[in-house]
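A short write-up of the structure that comes next.
The values are calculated or read from the model by the stated rules, or taken from the named source; none is laboratory data. Not measured: the values here are computed from a predicted model. Reconstructed Cβ throughout: ideal geometry from the backbone, glycine too, with neighbour counts over all protein chains shown.
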Amino acid sequence: MAERDSLLLSGWTYESIAWSAPAASTVNVYRLCNVTSSQHAYTTSDDEVASLTSNGWRNEGVAFQASDDADDEIPVYRQYDPNNGQHNYTTDLDEAQSLIRSGWNDEHIAWYAVEDPDPTITHPVTIYDRTDYSAIYDFNYYIDRYPDIKQAYGNDDAGALKHFATTGILENRQGKQNYDTATYNSMRKVASIPYSSDLYRMYNTNTGEHFYTSSVQERDSLLLSGWTYESIAWTSPTGPLAGDSIYRLYSPGSGRHFYTTDGDERDSLVKLGWRYEGVSFSSDPQQAKPVYRQYNQRNGEHNYTTSANEARTLIDSGWNDEGIAWYGMEDPDPTITHPVTIYDRTDYSAIYDFNYYIGRYPDIKQAYGNDDAGALKHFATTGILENRQGKQNYDTATYNRLKLQRMYPDAWKVLPSIGTDLRSAYNYSIRKWVKMEIAPEKGTHYYAMMGYTGRSGNCYLMAGTFTELAKALGYDAKQVTGYVLLKNGYHSQHSWVEIDGRVYDPDCESELKVDSFGKHYGDPGTLKYHKEGYMKA
């Protein structure tokens, strides 16, 4: 039994009691292990033991005892799979013949077992899926307490335990006369994980609508279209744990959604022109967490929340209190299954992983804990600017691009429409020249913003616009301040751009129609530049 339970805890599956050994045993059954493949073989033959050990198998001694007497005994058939070296032993002739028909070798009768004189299982199994249920489960108690279980499983201790671990505990069935309630509740919570679904709370900043969905795909689609992800609103039961259905409806007129468990309310709204979108999620029959509903008479908006404080705040501000709408369940698993990776319409999944980020940086974990929305916002707006790593293996090109987009958000409002290459940025910066203030102390960004919003300007505006666009594309661009010598011997204040020692002068191109893209100082046809310094950003 100890070896059985050890194997179960390491991940093996218990199928059933294979057979019973005779009381008057006359034959030793040896167990041998192939140290290369870890497969085991069982035999009563001393010659086979000697042969296998000479070929490197390890003799693990007598595994159990059997009989070699065919009188009134049950044969144990042995089959061998030549493809993988595996043996099978069974008292079921149908099982043996099925394997033989599928290509296994028939190695005939290995030894004999007997009919079990006592159908009572002496040591019923209590370990399932690497978990020991002995503190809350007893096979004999379980089948005696529930006639449907006894009828379904009889003496099948493996089947009865599986039922309790996967279904019975979710149905609040008692598995043992005296059991540990804390262990029961903990294991019930674990068993409910496959039957729970997170509800994501979304917010539309334009309409003020809150939207609730259990679909990761729907959540992400809304994020890419401009909605804001606020948090996991609550956990909804599914499958065998699901209670009342919660219906979702949509108003084509207002663009708002409504949720209800009331079929009559659903049907009434459909008659008024609302579109029924099906069952969205379910209520918890255990009524663990009430979900409160409030209504805003001014704009027709509903709000749904598990927070009594949030509900009270809205009611105090004039919303109608519509009581408890339905119930969420206790979250069986605090781990966030599908952390959000989209922020401000941008997908960061190539460079960001929530669990990695909070695991790598203790200050982030302390600040945000299980708040996946907050942690992502930090990475997207601050962490990436601090050169923090958001994922174990990440795409560096995507990281650098998104970092530049965060550093130069105004430039990236322009670049997608004009082209994300240096020549396109340069051509965009060439403007009709008009006289305007010369204020170098205001900096490159000041002129760039004027360039993004206006259509004309002087050399400072053109150089400032191109400098910031080039920086946003990853170039080490600098806006130069100085002067140029004119043909009459006078000099004129001027501004141009340097990248890797080359000159880019959109103003010269605009006024003189001279190619001034990436020239060297002193190239034929270029202006006589005299640099005085660089403009601040």
Inset, instruction - Give just the number: which of (1) at pLDDT 85 or above; (2) farther than 29 Å from Lys162 by Cα does Ser37 not satisfy? - result: (1)
Inset, instruction - Provide a single number: the residues in the stretch 247-278 that are among the hydroxyl-bearing types (Ser, Thr, Tyr), in a strand (DSSP E or B) and closer than 16 Å to Gly300 by Cβ. - result: 3
Legend entry - Residue within the stretch 300-309 that is acidic (Asp, Glu), in contact with a Ser or Thr (Cβ under 9 Å, 6 or more places away or on another chain) and outside the structural domain of Glu265 (by TED's automatic domain parsing) present: no
Inset, instruction - Could you check how many residues of the stretch 313-343 are modelled with pLDDT of 95 or more and either in contact with a Cys (Cβ under 8 Å, 6 or more places away or on another chain) or outside any loop (DSSP other than H, G, I, E, B) (or both)? - result: 15
Inset, instruction - Sort out which residues of the stretch 427-469 are in a helix (DSSP H, G or I) and surrounded by fewer than 23 Cβ atoms within 10 Å (Cβ to Cβ), and write them in order of number. - result: Asn427, Tyr428, Pro440, Glu441, Lys442, His445, Tyr446, Met449, Met450, Tyr452, Thr453
Legend entry - Residue count, the stretch 149-186 (criterion: within 28 Å of Tyr327 (Cβ to Cβ), part of a helix (DSSP H, G or I) and out of contact with any helix residue (DSSP H, G or I) (no Cβ under 8 Å at 6 or more places or on another chain)): 6
Inset, instruction - Report the residue count in the stretch 101-142 for those that are β-branched (Val, Ile, Thr), modelled with pLDDT of 85 or more and farther than 23 Å from Val190 by Cβ. - result: 1
Legend entry - All positions within the stretch 479-518 that are in a strand (DSSP E or B) and farther than 15 Å from Ala463 by Cα: Leu485, His491, Ser492
Inset, instruction - Name every residue in the stretch 61-107 that is under 45 Å from the mean Cα position of the chain (by Cα) and assigned to a strand (DSSP E or B), in order of residue number. - result: Gln79, Tyr80, Asp81, Gln86, His87, Asn88, Tyr89, Thr90
Legend entry - Flag if Asn299 is touching a Leu at 6+ places or on another chain (Cβ under 8 Å), of a type outside the set (Phe, Trp, Tyr) and more than 11 Å from Trp326 (Cβ to Cβ): no
Inset, instruction - Among residues belonging to the stretch 403-426 that are crowded, with 19+ Cβ neighbours inside 10 Å and hydroxyl-bearing (Ser, Thr, Tyr), point out the one that is farthest from the chain's Cα centre (by Cα). - result: Tyr426
Inset, instruction - Kindly check whether there is at least one residue in the stretch 237-246 that is part of a strand (DSSP E or B), surrounded by fewer than 16 Cβ atoms within 10 Å (Cβ to Cβ) and modelled with pLDDT of 95 or more. - result: no
Legend entry - Single condition Ala350 does not satisfy, out of (1) assigned to a helix (DSSP H, G or I); (2) without any contact (Cβ under 8 Å) to a residue 60 or more places away in the chain; (3) aliphatic (A, V, I, L, M): (1)
Legend entry - Matching option when the condition is under 32 Å from the mean Cα position of the chain (by Cα), surrounded by fewer than 18 Cβ atoms within 10 Å (Cβ to Cβ), in contact (Cβ under 8 Å) with a residue 40 or more places away in the chain and outside the structural domain of Met202 (by TED's automatic domain parsing), among Asn400, Asn370: Asn400
